[in-house]
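The values are calculated or read from the model by the stated rules, or taken from the named source; none is laboratory data. Since we're looking at a predicted model, the values are computed, not measured. When we count neighbours, we look across all protein chains shown, and the Cβ atoms used for this are built from the backbone with ideal geometry, even at glycine. Note: accessible area is taken over every heavy atom of the protein model, side chains too, but ligands, DNA and RNA are not part of it. Shrake-Rupley method; radii C 1.70, N 1.55, O 1.52, S 1.80 Å.
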Amino acid sequence: MSGSYDDSVGVEVSSDSFWEVGNYKRTVKRIDDGHRLCNDLMNCIHERARIEKVYAQQLTEWAKRWKQLVEKGPQYGTVERAWCAFMSEAEKVSELHLEVKGSLMNEDFEKIKNWQKEAFHKQMMGGFKETKEAEDGFRKAQKPWAKKLKEMQRLKSPLQVEAAKKAYHAACKEEKLAISRETNSKADPALNPEQLKKLQDKVERSKQDVLKTKEKYEKSLKELDNATPQYMENMEQVFEQCQQFEEKRLRFFREVLLEVQKHLDLSNVASYKNIYRELEQNIKTADAVEDLRWFRANQGPGMSMNWPQFEEWSADLNRTLSRREKKKASDGVTLTGINQMGDQVSQPNKHSSSLSVQSNTVQSVQSSYNPFEDEEDTGSTVSEKEDNKIKNVSSYEKNQSYPTDWSDEESNNPFSSTDANGDTNPFDEDTPPTMEVRVRALYDYEGQEQDELSFKAGDELTKMENEDEQGWCKGRLDNGQVGLYPANYVEPIQ
């Protein structure tokens, strides 16, 4: 902003009024402040957009981490799905907050930036064109008034307003003092007539001084009053122009703030309401009774069991088993999911894998020897490894039982409590890796690592290896891709 004009130099300002010389600068400064406020509002919106972006990223990271923890954790069933619904909610809300960030920057921020560029025009010498125009207008309107006021304030000027006022007030004071002295002298018998005459003459001179100073004071005010209406009209005109410019800015700010409010208010977004409506429904579907029934069927007494039973010796077992013969599905052993009994609920099993032995031959099994073990091709026969205490198991029986002379000692019991817990299950590690089973996906799964498969609910794939200790299986998609997947995401195809 340029400096004040020369005619205002030396003019005494007695108040903070707009009409005082030079006090219009506050109005001119408001134009510069308007440009700075545009920058402040853009910075404010930019910071909020950055907060929205960071919040969206944190929601996504939180959802990804906890989804993996819950899926690999001990929680199961409908409560697990309700728990995972919170992570789905976070992912969807994260997308909405990214949309908010985009609206703030691409719409609101750019709108303020463009308006500021159109409303304020920079000059080559610095400052803004609008500021200079306002200051020149006020200077031109105030120049005659300031010039006359400056002339009146010169000490040698007979029309000096402030000096005339002081002279008039001093004459009035002197007059009052002279009258008081005259009154007191009349009551004093010690004064002679000559002294009394002097007091009376002083009173008369004081009255004449009051009249003269009053006349000068009124004359100086009249000179100034004659220039006041035109001065006020010119100043009002320039001020209204500044008001109109400021009105545009204020209305624009109000419009922008309303748009920012609409972008931030997710409560009016239909998709936002649907997110929490769906979350509530997922939580309400959690059923403790159903989860307990599923756990009983998949982890408890409801699980199927290949109980040992007596079977006759078969000559088919008295031959050498080669690796190539074991790999043939028609002549070997196929691992499939055990058909659940009763009211078993079809839900993913996180912590154990089920299997059944299906074969067209009757095989003899020793309690301490696993006939399905992947043995080396040394030429040894099954009959050579069988010494005594042979127990025959029928692969066609779903509900099998041991004979009454079955030992209860853990050292000789392959189906002891330790085996039931999955620690030393003879089928876990000894199952040939070539035994493949067709399975169907229960849920969608997106591979998190390069060695993991991705599939949709209902897709079919081939399980190549049984579940490991961490709950993962190795499988192959129909397109030939081989990788790992969570065991509890699929079920055997019956």
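Just checking, does segment 39-47 include any residue being surrounded by 15 or more Cβ atoms within 10 Å (Cβ to Cβ), part of a helix (DSSP H, G or I) and not hydrophobic (A, V, I, L, M, F, W, C)? Checking segment 39-47: not a single residue is surrounded by 15 or more Cβ atoms within 10 Å (Cβ to Cβ), part of a helix (DSSP H, G or I) and not hydrophobic (A, V, I, L, M, F, W, C). Of note, ARG30 does not satisfy the criterion of being at pLDDT 95 or above, open to solvent by 60 Å² or more (accessible area, probe 1.4 Å) and either within 20 Å of the chain's Cα centre (by Cα) or not β-branched (Val, Ile, Thr) (or both). Do we have LYS262 as open to solvent by 70 Å² or more (accessible area, probe 1.4 Å), over 30 Å from THR27 (Cα atoms) and in the same structural domain as MET87 (by the TED database) here? Spelling it out, LYS262 is indeed open to solvent by 70 Å² or more (accessible area, probe 1.4 Å), over 30 Å from THR27 (Cα atoms) and in the same structural domain as MET87 (by the TED database). Looking at PHE138, is it assigned by the TED database to the domain that holds LYS165, touching a strand residue (DSSP E or B) at 6+ places or on another chain (Cβ under 8 Å) and open to solvent by less than 80 Å² (accessible area, probe 1.4 Å)? Answer is no for this residue. Candidates are the residues of segment 131-145 that are in contact with a Cys (Cβ under 9 Å, 6 or more places away or on another chain) and not aromatic (Phe, Trp, Tyr); the one that is nearest to PHE120 (Cα to Cα) is ALA134. Of all the listed residues (LYS148, LYS165, LYS186, LYS198), the sole one being modelled with pLDDT of 75 or more and either on the phi > 0 side of the Ramachandran plot or open to solvent by 50 Å² or more (accessible area, probe 1.4 Å) (or both) is LYS198.
In segment 451-471, the residues that are free of Cβ contacts under 8 Å to residues at least 24 places away in the same chain reach residues that are surrounded by 14 or more Cβ atoms within 10 Å (Cβ to Cβ) and of a type outside the set (A, V, I, L, M) with C-beta atoms within less than 6 angstrom, at least six apart or across chains, in these pairs: SER454/GLY447; ALA457/TYR443. For segment 7-21, the condition of being of a type in the set (Ser, Thr, Tyr), open to solvent by 80 Å² or more (accessible area, probe 1.4 Å) and modelled with pLDDT of 95 or more holds for none of the residues.
Restricting segment 201-220 to residues that are in contact (Cβ under 8 Å) with a residue 40 or more places away in the chain and open to solvent by less than 60 Å² (accessible area, probe 1.4 Å), the residue that is farthest from ALA170 (Cα to Cα) is SER220. One residue alone among LYS101, LYS72, LYS64 is under 30 Å from LEU257 (Cβ atoms), of a type outside the set (A, V, I, L, M, F, W, C) and open to solvent by 40 Å² or more (accessible area, probe 1.4 Å), and that residue is LYS101. Looking across segment 420-456, the residues that are among the aliphatic types (A, V, I, L, M) and modelled with pLDDT of 50 or more come down to MET435, VAL437, VAL439, ALA441, LEU442, LEU453.
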